[in-house]
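> Below are the structure tokens for one structure; questions will follow.
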Amino acid sequence: MQSWLYNVDRLVETFSNWLELRVGSSIAAEFVKAILAAGLIAVLVSVLGLVLVYLERKVAAHMQQRLGPMRVGPHGIFQTVADTIKLISKEDIIPAHADRVIHTVGPLICFVAAFMVIGFIPFAPGLQVVSLNVALLFILGISSAGVLGIISAGWASNNKWSMLGAMRAAAQIISYELSATLALLAIILFTGTLDLQGIVESQRTGWWIWRAPVVGIFAFLIYLIASTAECNRTPFDIAEGESELTGGFHTEFSAMKFAMFFLSEFINVFTVSAVSATVFLGGWMPFHVDGLDSLNKVFDLVPPWVWFSAKTGAIIFIIMWFRWTFPRLRVDQLMRFEWKFLMPLALANLAVASVLAVSGFYFFRS
Amino acid sequence: MNNDVKSEVSQPQAPYYDEMFINMGPQHPSTHGVLRLVVKLAGETVLGVSPHMGYVHRSIEKMGETLSPMQFIHLTSRLDYLSAHMNNWAWAMLVEKALGIKPPERAEYLRVIMAELTRIASHQLWWGVFGMDLGAFTPFLYAFRDREKINDIFEKTCGSRLTMHYICPGGVFEEPDAEFESDVRSFIKYFAPVIDEYERLLSGNIIIQERTRGVGVLPADRAKAYGCTGPVLRASGVDYDLRKVQPYGVYNRFEFKTAVANEGDSWARYKVRLEEMRQSLEIIRQALDQMPKDGPVREKLPSVIKIPPGRYFARAEAARGEIAFFVVGDGKPVPWRLKIRSPNFSNLQAFPEIIRGWRVADIVTVLSTFDIVVPDIDR
């Protein structure tokens, strides 16, 4: 099992040693590596965008008894490429009396916020751009900055529908942020670290979703619901609400500016799925049960990055599933659900989790 | 307003905000056509709605005064395009009354079958659009999948899929195709379990229930005062269905229940329509069994229909309520005066009153449960 498929970290290490030899100084090598990493993230983001949009359309189509895109390429796999070309070549329209600067900055904030957090996600051992000891906190902070982009987009559009959408988004995202954070916090009590690689390492003997008795599954469900709301996805897509607000905050956006909102939504879906896969489902860690060594060896045959992708993909599918089977909540029901149900539940969950963590009452304590 | 109308429409209290006027439509995804609602908002709370109509006004009533009765059938299909057969039927009944003729037996049954199929197709479309208005996209495609089967039957019998012209004064235009009966029977067999599938997909959903239960309550006396008809009236607890209270055609020969609910809220209107689909299937099944297997389908009419002097009135239960035609004839081939009573126009009147105090998103829900078709309002 010494192949590069399994040990991506060795590959990365060999490459950085080689780079340091070639460049000569370690500072210059770091600089080159940073640029390369940024480039890789950019590639990843665009590929993810293409793949997720295609996936969403196919998932939607098959839930709705149709085929989805079939014409461009085999099974329509190049449809999103064609759509991207269309979006790039479209005219960028700024409405009259709109605030031109904020109208341009809005989608950028959204996109940058979504883009930045990708670097912290551990795709496999060693395959992570930045290893930060407060990575989880950082991800939560940065991704919630995206709401600023939505508010400024709604404000700058000079459209009452957009304004309503932006106000809804502000109220919604800030509220659901609380539940999402509280749910993650319950697991942090068990892991004792905010470093994502450390969180994955702590699940060597089993995933937190079942190792933390009951609170793990509760935290997972709360995080899944709250993060769906944070991504503005159905049943919480009241900020877009195309049947009532005609598109909400992005009504007045076209071409690449619209594409940035669109892309950042999908990147956010990926991010929250990756975070919940990492925190609750063991990230790249194969399915391990402490003591069953032969079983663990079998699961070790699958490379870590496949584990990571499969877990993330499963959660992405669940979030898409929500979207195509649920109607939309009303704005007051949405807030009531968060403040009167989800947040108290998350708080109670956190309290129980802290008792369990302190008393050490969880499975496979090492 | 009548003095005997006592009940107050329940309205949630709005906190104070600055007021804002906003235009919902004429280009808006949820006004189902080109209805324009001027909405007065306080934050998200609706303070008032004022519907503005006339964006698809085609002066159908006036055109009816220049067209012969046979030509005018084609315009009736364009009133409420989702109840084309019922509109045709009401007009055909009026002309038959004026000329004093009776359509053949087989034609009467064909009319019932076509009208009930139209009712199902219309409610299917409504169900799909209702889901979409609430943000669930999937029901829309399910509804269209099933509506396609009815459209195929219509296409076989009369050539068109939307603005059908099959029912005409004197009967129906022509004998249906040979497979008509088996097509309809297989549709009934297919669709009866599909209604349960609709229920599973949407009705039990907690969000649907939250969004519709108690929202937009229309009390029975208000509904009567505004002249609401159809499912909107029946959902308010008034057992009024023209097919029962004043049976036309051969409706008195069938056993069916009128779908009635007492709550008067959006949920009641939803349940009433789903139940109506079931009852329509029942009517079609009985009609197919009773229908004479052969015989004429069209009574001979004079080649130029002259409407005898007098006043004539005919009405039918369309998918959205009561469609009625009123004609003053003066012995010429065209009516001297024509008036159409369209169900949607009366139904829409109740809307501004019951939506006050609810949220922006409820405008969409409640309007959707009223199931308006704008060309029918504007005429």
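The values are calculated or read from the model by the stated rules, or taken from the named source; none is laboratory data. Worth saying up front: this structure is predicted, and the values here are computed from it rather than measured. Please note: Cβ atoms are built from the backbone with ideal geometry, for glycine as well, and neighbour counts cover all protein chains shown. We work out accessible area using only protein heavy atoms, side chains counted, and drop any ligands, DNA or RNA first. Shrake-Rupley method; radii C 1.70, N 1.55, O 1.52, S 1.80 Å.
> How much of B:D241 can a 1.4 Å solvent probe reach, expressed as accessible area in Å² and rounded to 10?
0 Å²
> In the protein assembly as shown, with Lys and Arg counted as +1 and Asp and Glu as -1 at Cβ, which of these residues, B:G25, B:G204, A:V32, has the Cα nearest the positive end of the dipole, that is, farthest along it?
The residue sitting farthest along the positive end of the dipole is B:G25.
> What do you get for the angle between helix B:84-99 and the principal long axis of chain B? Use alpha-carbon atoms, 0 to 90 degrees, nearest ten.
The helix B:84-99 is inclined about 50 degrees to chain B.
> Note the angle between two axes, namely the Cα long axis of helix B:343-355 and the longest principal axis of the Cα atoms of chain B, as a number of degrees from 0 to 90, rounded to the nearest 10.
Relative to chain B, helix B:343-355 is tipped by roughly 10 degrees.
> Also, I was wondering about something else. Comparing B:D294, B:D152, B:D239, which has the greatest mean-square fluctuation in the GNM of chain B with Cα pairs linked when under 10 Å apart?
B:D294
> Here's another thing I want to ask about it. Would you work out which of A:N7, B:V56, A:N159 lies farthest towards the positive end of the dipole of the protein assembly as shown? Charges go on Cβ: Lys and Arg +1, Asp and Glu -1.
Of the options given, the answer is B:V56.
> Scanning chain B for chymotrypsin sites (Phe, Trp or Tyr not before Pro) in DSSP loops with at most 12 other Cβ atoms within 10 Å, what's the longest stretch left with none?
Value returned for the longest uninterrupted segment is B:18-379.
> Ok, one more. How would B:R243, B:R315, A:R66 line up by accessible area, probe 1.4 Å, largest first?
Largest accessible area first, the residues go A:R66, B:R315, B:R243.
> List the equivalent ellipsoid semi-axes of segment A:188-245 in whole Å, largest first, each obtained as the square root of 5λ for an eigenvalue λ of the Cα gyration tensor. Could the numbers behind the result be given before it?
Details: eigenvalues 206, 31, 12 Å².
Square roots of five times the eigenvalues give 32, 12, 8 Å.
> Also, quick follow-up: Cross-link candidates for A:K160: which aspartates and glutamates have Cα within less than 18 Å, leaving aside residues fewer than 8 places away along the same chain?
Once the sequence-local aspartates and glutamates are set aside, what remains near A:K160 is A:D99, A:D237, A:E240, A:E242, A:E244, A:E252, B:D18, B:E19, B:E44, B:D362.
> Also, I was wondering about something else. Quick one: pull the percent of accessible area on chain B belonging to carbon and sulfur, 1.4 Å probe, ligands and nucleic acids left out.
53 percent
> Specify the angular offset, from 0 to 90 degrees and rounded to the nearest 10, of the alpha carbon long axis of helix B:360-370 from the longest principal axis of the alpha carbons in chain B.
Once rounded, one gets 20 degrees.
> List the lysines whose alpha-carbon lies under 19 Å from that of B:K244, not counting same-chain residues fewer than 8 positions away?
B:K224, B:K257
> How do B:H74, B:H28 rank by accessible surface area computed with a 1.4 Å probe, from largest to smallest? Don't jump to the answer; show the numbers that get you there.
Details: B:H74 70, B:H28 15 Å².
Ranked from most to least accessible, the order is B:H74, B:H28.
> Suppose we compare each residue of segment B:136-165 in its chain alone and in the full protein complex with a 1.4 Å probe; which ones drop by at least 20 Å² of accessible area?
The answer is B:A136, B:F137, B:T138, B:L141, B:Y142, B:R145 - residues whose exposure falls by at least 20 Å² when every protein chain is included.
> Report, in debye and to the nearest 20, how large the dipole of the protein assembly as shown comes out about its Cα centre when Lys and Arg carry +1 and Asp and Glu carry -1 on their Cβ.
Dipole about the Cα centre, nearest 20: 1220 debye.
> What ³J(HN,Hα) values, in whole Hz, does the Karplus curve 6.51 cos²θ - 1.76 cosθ + 1.60 give for segment A:62-73 when θ = phi - 60°, with x put for Gly and Pro?
Along segment A:62-73, the couplings run 6, 6, 9, 6, 9, 9, x, x, 9, 8, 7, x Hz.
> Need one number: buried accessible surface between chains B and A, 1.4 Å probe, both sides summed, DNA, RNA and ligands left out, in Å² to 100.
Separately minus together, B and A give about 2600 Å² buried.
> Just to be sure I understand: with springs between alpha-carbon atoms less than 10 Å apart, which residue in A:F190, A:F220, A:F31 has the highest mean-square fluctuation in the Gaussian network model of chain A?
It is A:F31.
> Looking at A:F123, A:I209, A:L178, which one has the Cα that reaches farthest to the positive end of the dipole of chain A (charges on Cβ: Lys, Arg +1; Asp, Glu -1)?
Among A:F123, A:I209, A:L178, the one farthest towards the positive end of the dipole of chain A is A:I209.
> List the residues, sorted by chain then number, that are 5 or more residues from B:H52 or on another chain and whose placed amide H is less than 5 Å from its amide H.
B:R36, B:L37, B:V38
> Compute the Kirkwood hydrodynamic radius of the protein assembly as shown, taking the inverse of the mean of 1/r over all pairs of distinct Cα atoms, and give it in Å to one decimal.
29.3 Å
> If you plug each phi of segment A:310-326 into the Karplus form 6.51 cos²θ - 1.76 cosθ + 1.60 with θ = phi - 60°, what whole-Hz ³J(HN,Hα) values come out, in order, with x for Gly and Pro?
Using θ = phi - 60°, the values come out as 5, 5, 4, x, 5, 6, 4, 4, 5, 5, 5, 4, 3, 4, 9, 10, 10 Hz.
> Sticking with this one: Dipole magnitude of segment A:78-359 about its Cα centre, charges +1 at Lys/Arg Cβ and -1 at Asp/Glu Cβ only, in debye to the nearest 20?
Its charge dipole is roughly 240 debye.
> Can you put A:H288, B:H52, B:H57 in order of accessible area, largest first, using a 1.4 Å probe?
Numbers: A:H288 15, B:H52 65, B:H57 110 Å².
Order by accessible area, largest first: B:H57, B:H52, A:H288.
> Treating only the Cα positions of segment A:78-359 as identical point scatterers, give the base-10 log of I(q)/I(0) from the Debye formula at each q in 0.15 Å⁻¹.
One equal scatterer on each Cα of segment A:78-359 leads to -1.12.
> Ok, one more. In nm², what is the average projected area of the convex hull enclosing the Cα atoms of chain B?
Computing the convex hull of the Cα atoms and averaging its projections yields 18.5 nm².
> Accessible area per residue, 1.4 Å probe, Å², for the protein assembly as shown: what's the number? Could you put the intermediate results ahead of the total?
Values: 30440 Å² over 745 residues.
Solvent-accessible surface per residue comes out at 41 Å².
> Based on DSSP H runs of at least 4 residues, each adding -39500 (n - 2.57), what is the mean residue ellipticity at 222 nm of the protein assembly as shown after dividing by all its residues, to the nearest 500 deg cm²/dmol?
About -18000 deg cm²/dmol.
> Work out the length of the dipole vector of chain B about its Cα centre, built from +1 on the beta-carbon of each Lys and Arg and -1 on the beta-carbon of each Asp and Glu, and round it to the nearest 20 debye.
840 debye
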